[in-house]
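The values are calculated or read from the model by the stated rules, or taken from the named source; none is laboratory data. Note that this is a predicted model, so its numbers are computed, not measured. Please note that ligands, DNA and RNA were not included when accessible areas were found on the heavy atoms of the full protein model with its side chains. Shrake-Rupley method; radii C 1.70, N 1.55, O 1.52, S 1.80 Å.
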Amino acid sequence: MDFTVLIVGLLIGVGIPLRNKVIKEYRKKRDRDNNPQNQTRDKNE
């Protein structure tokens with residue numbers, strides 16, 4: 001039981017921010033590839 005709580009806590013605490021970082025980098029790359037002359041900024045920044 002304790003290990004399950006620890007694993008779930010780590011997945012939520014570490015996994016979600018890592019996933020968001022990967023998605024952000026992917027979106028930057030996709031925007032750069034689709035619009036070489038019009039570089040757009042992220043909407044969150």
Legend entry - Accessible surface of residue 22 - all protein chains present, 1.4 Å probe, nearest 10 Å²: 100 Å²
Inset, instruction - Provide the solvent-accessible area of residue 18, counting protein heavy atoms only and rolling a 1.4 Å probe, rounded to the nearest 10 Å². - result: 100 Å²
